[in-house]
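Below is one structure, written out as structure tokens; the observations come after it.
The values are calculated or read from the model by the stated rules, or taken from the named source; none is laboratory data. Worth saying up front: this structure is predicted, and the values here are computed from it rather than measured. Backbone-built Cβ (ideal geometry, glycine too); neighbour counts: all protein chains shown. SASA here: full protein model, heavy atoms, side chains in, ligands and nucleic acids out. Shrake-Rupley method; radii C 1.70, N 1.55, O 1.52, S 1.80 Å.
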Amino acid sequence: MSTITAPLGTDRARRLRAALTLLLTVAIAVGAPFYFAPFQVFQLTMVLLYAVALAGLNLLVGFGGQISLGHGAFFAAGAYTSAVMLDRYDTGHLTTLPVAAAGCFLLGLAFGVPALRLRGLYLALVTLAFAVFLPPLLKRLEPVTGGSMGLTVDKLQPPEWSGLAEDQWLYLVVLTVTAVALLLARNLLRSRVGRALLAVRDNESAAEVMGVRLSLHKTLAFAWSAMFAGVGGCLYTWVIGFVSPDSFSFVLSITLLAGLVVGGLGSLYGPLLGAAFVMYVPSVSQDLSEAAPGVVFGLLIITVMFVAPTGLAGLPGRVRAVVARRLPGPDRTPDTGSASGVEPAPPATCVPGERPESPAASESSADTPADPAVADAEPVGAPPRTEKE
């Protein structure tokens with residue numbers, strides 16, 4: 001009975017602890033815009049929208065095992081889709097979100113087909129080329145994209161009934177979209193698609209033998225990743241209110257990948273930590289060194305990778321492992337003999353039916369060589385030997 005009750009109690013306590021942690025996190029997240037200054041609220045909003053883009057990149061790189069250096073291009077596609085719809089067609093802000101998500105999903109699906117035959121560095125170079133040639137292409141399409149001058153659109157305004165400021169309303173809307181996106185990514189990874197992605201990442205040959213269609217799931221990984229990036233780009237247009245080709249250079253793609261690696265590949269919390277790194281570390285680098293902020297940024301990345309090779313998401317587990325190795329375990333017993341200066345005696349062995357030997361007897365028997373005459377002597381009370389014996 002006790003063996004059944006103990007796991008049930010442990011599971012119930014774990015669920016209660018998880019529920020309390022979730023409620024506390026939601027309370028802090030919702031109350032943040034009412035406590036911080038407007039610029040700090042803007043920074044938190046940017047962290048949330050970058051987290052959506054990194055969640056998509058995590059599906060492709062962290063769980064799919066593929067390399068992409070062109071994720072900023074999908075981010076730009078979602079941002080420009082929202083900006084063009086707001087500027088040219090005067091649609092509502094909320095209408096641009098599903099259109100940007102669907103458009104980037106199809107774009108990722110089309111890009112994933114030719115990438116099936118590539119892997120490793122070759123795939124990375126192809127995705128990097130996509131991120132390099134997109135800004136010049138946006139400049140060429142001046143009638144639609146505004147060329148080098150970009151497009152200026154209205155930000156998402158709060159309704160009158162809310163009584164909120166613009167920065168507070170933007171933060172709450174982006175927080176809602178981010179929560180839905182992260183929940184979708186979590187459920188996707190727990191579905192058959194997510195398990196197939198993990199199988200492909202670990203061993204493609206074994207996954208194919210088990211019936212996983214490599215071409216389908218690799219293409220879907222690009223499609224889902226591009227969709228999340230497009231949603232992040234759409235939110236970027238809502239928050240900034242301005243897009244230009246120079247805002248989405250290939251440096252953005254490299255920064256997003258670096259942020260994901262620093263946050264933690266293959267972790268559900270890695271995109272949030274990586275987004276905070278992408279948002280705050282460049283500003284900190286600028287404050288520390290106005291002459292060479294890139295050098296400080298690079299040194300910070302190297303330091304984080306040295307301290308936490310698995311990313312910031314794996315740092316608590318790494319610290320717990322180090323502490324567990326240094327602390328004595330519960331099964332360790334203190335060495336009382338060495339403390340008193342006397343070596344403890346070895347335990348005496350006892351065969352059933354015989355009296356246990358004393359340590360002195362065992363030592364004497366161990367040190368004294370065996371005598372053949374004594375060995376052949378008959379024990380007292382034994383029956384006489386026969387000739388056959």
Revision key, fill the gap. For T310, the accessible surface traced by a 1.4 Å probe with all protein chains present amounts, in square angstrom to the nearest 10, to 90
Exercise for review: With a/c under 1.5 counting as rounded, go ahead and sort region 113-258 into rounded, prolate or oblate using the C-alpha gyration tensor (a ≥ b ≥ c being the square roots of the eigenvalues; past the cut-off, prolate if a/b is larger than b/c, else oblate).
Suggested key: oblate
Check your understanding: For region 41-127, what is the Kirkwood hydrodynamic radius in Å, using each pair of distinct C-alpha atoms?
Key -> 14.3
Practice item. Starting at the first residue of region 20-35, write each ³J(HN,Hα) from the Karplus equation 6.51 cos²θ - 1.76 cosθ + 1.60 with θ = phi - 60°, in whole Hz, x for Gly and Pro. Key: 5, 5, 5, 5, 5, 5, 5, 4, 5, 5, 6, x, 4, x, 8, 10
Check your understanding: What list of ³J(HN,Hα) values in whole Hz, one per residue of region 49-63 in order, does the Karplus curve 6.51 cos²θ - 1.76 cosθ + 1.60 (θ = phi - 60°) give from phi, with Gly and Pro shown as x?
Key -> 6, 5, 5, 5, 5, 5, 4, x, 5, 5, 4, 7, 8, x, 9
Practice item. Rounded, prolate or oblate: pick one for region 102-196, where a ≥ b ≥ c are the square roots of the eigenvalues of its C-alpha gyration tensor, a/c under 1.5 means rounded, and failing that, prolate if a/b is larger than b/c, else oblate. Key: oblate
Practice item. At 7 Å along the Cα-to-beta-carbon direction for both V319 and Q40, put a label point, then send me their distance in nm to one decimal. Key: 2.2
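Could you give the accessible area per residue of region 11-150, probe 1.4 Å, as a whole number in Å²? It would help to have the intermediate numbers written out before the result.
Working: 7320 Å² over 140 residues.
That works out to 52 Å² per residue.
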Check your understanding: For region 234-323, what is Rg from Cα atoms divided by 2.2 N^0.38 Å, rounded to two decimals?
Key -> 1.22
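According to the square roots a ≥ b ≥ c of the eigenvalues of the Cα gyration tensor, what is the shape class of region 93-155, taking rounded for a/c under 1.5, prolate for a/b larger than b/c otherwise, and oblate for the remainder? Working shown, then result.
Working: a/c = 3.11, a/b = 1.53, b/c = 2.03.
Verdict is oblate for region 93-155.
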Point to revise | Accessible surface of region 253-301, 1.4 Å probe, proportion on carbon and sulfur as whole % | key: 73
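Based on the Kirkwood radius over alpha-carbon pairs, what is the Stokes-Einstein translational diffusion coefficient of region 28-174 at 4 °C with 1.567 mPa s viscosity, in µm²/s? Before the final figure, lay out each step's value.
Details: Rh = 17.3 Å.
Translational diffusion coefficient: 75 µm²/s.
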Practice item. Please work out how much length the chain gains when fully extended from R14 to R326, using 0.36 nm per residue of separation minus the C-alpha to C-alpha distance, in nm with one decimal. Key: 109.7 nm
